[in-house]
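Following: one structure in structure tokens, then a few remarks.
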Amino acid sequence: MWRPRVNPTDLLMLAGLQIAHMQKACPPYVAGMEFAGYVHQLGPGVSDFEVGQRVIGIVNPRRPSGGAQAEFVCVPAASLSPAPEAADLTAAATVPMNGLTAKMCLDALALSEGEMLLVTGAAGAVGSYVIQLAKQAGLLVIAEAKKTDFEWILSLGADEVVPRGPALFDAVRGRFPNGVDGLVDAALLGAAAAALVRAGGATALLRGSQSPGWMPGCGTRTSACCSR
């Protein structure tokens, strides 16, 4: 049976675990951080879109008017992007949050062309976007995934794939004794993954991972990123 997928952040919000961070919102809370659909109406001065156009978008569900899980959603035009005509809108709705999270992580790492990036959880939505965006930026990518996903991860552009689990440390350190230049920890491995980053390297943390400072003395630059 097909079951709809909901972002973990939306589930946390609906469970009341993020209500302390709500911005002047009152229950009931309208969750939803991303959406896809058709433009129903344009605001004054908006010329980049037209009524009836297929779009994807991002929205802050903590705002007073709520998030994307509604029949109509009003957002700034800058929060929208055209959706290809051939794209399934249900699938397209999963792009904004994960894609922007991946870009935020890479922006925070600020790695230079030719540097080596380790991506844990590479087969997930964020991890797979990170791989593709990193390759476009000229980075080398070593990706962590289960063996059944190796072929697919390589098709995304990863230069190497290493197994998840206890073999990860030896696989990465055997290839890069001094550590990799940067890490996007999409699998939330925490200190175990950070130990694979060279001194002076950079680490991007996702929601649910440990907070900055969880590897005291490791010599890495740590950047926190908001996840889905």
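Taken together, the values in this text are just the output of simple stated rules run on the coordinates, not laboratory data. Predicted model, so just to flag it, every value in this text is computed and none were measured. Note that each Cβ is placed from the backbone with ideal geometry, even for glycine, and that neighbours are counted across all protein chains shown.
The slack in the chain from residue 154 to residue 49, taken as 0.36 nm per residue of separation less the alpha-carbon distance, amounts to 34.2 nm. If the chain between residue 136 and residue 192 were fully stretched, how many nm would it gain, using 0.36 nm times the residue separation less the Cα-Cα distance? Between residue 136 and residue 192, full extension yields an extra 17.4 nm.
Could you rank the peptides 40-53, 106-119 by their average count of other C-beta atoms within 10 Å per residue, with the highest value first?
Numbers: 40-53: 9.9, 106-119: 19.2.
Per-residue mean Cβ counts within 10 Å order the peptides as 106-119, 40-53.
Using the Cβ-Cβ distance between residue 199 and residue 90 with R0 set to 30 Å, the FRET efficiency from 1/(1 + (r/R0)^6) comes to roughly 0.10.
When the trypsin sites (Lys or Arg not before Pro) in segment 90-151 are filtered for DSSP coil states and for at most 15 other beta-carbon atoms within 10 Å of their beta-carbon, the remaining sites are 146. Note on residue 147 and residue 81: with the Förster distance fixed at 41 Å, the Cβ-Cβ geometry gives a FRET efficiency of about 0.70. Here the Karplus relation 6.51 cos²θ - 1.76 cosθ + 1.60, evaluated at θ = phi - 60°, turns the backbone of segment 191-202 into coupling constants of 4, 4, 7, 4, 5, 8, 8, 5, 4, x, x, 10 Hz, with x for every Gly and Pro.
Compared with the alpha-carbon gap, the fully stretched path from residue 11 to residue 103 is longer by 30.8 nm at 0.36 nm per residue. Excluding same-chain neighbours fewer than eight residues apart, no aspartates and glutamates are reachable from residue 146 by a Cα-Cα span under 12 Å. Straight-line cross-link reach from residue 147 at under 17 Å between alpha-carbon atoms covers these aspartates and glutamates, not counting any fewer than eight positions away in the same chain: 159, 160, 170. Based on alpha-carbon centroids, what's the gap between segment 122-178 and segment 27-80 in Å, whole number please? Segment 122-178 and segment 27-80 have Cα centres separated by 34 Å.
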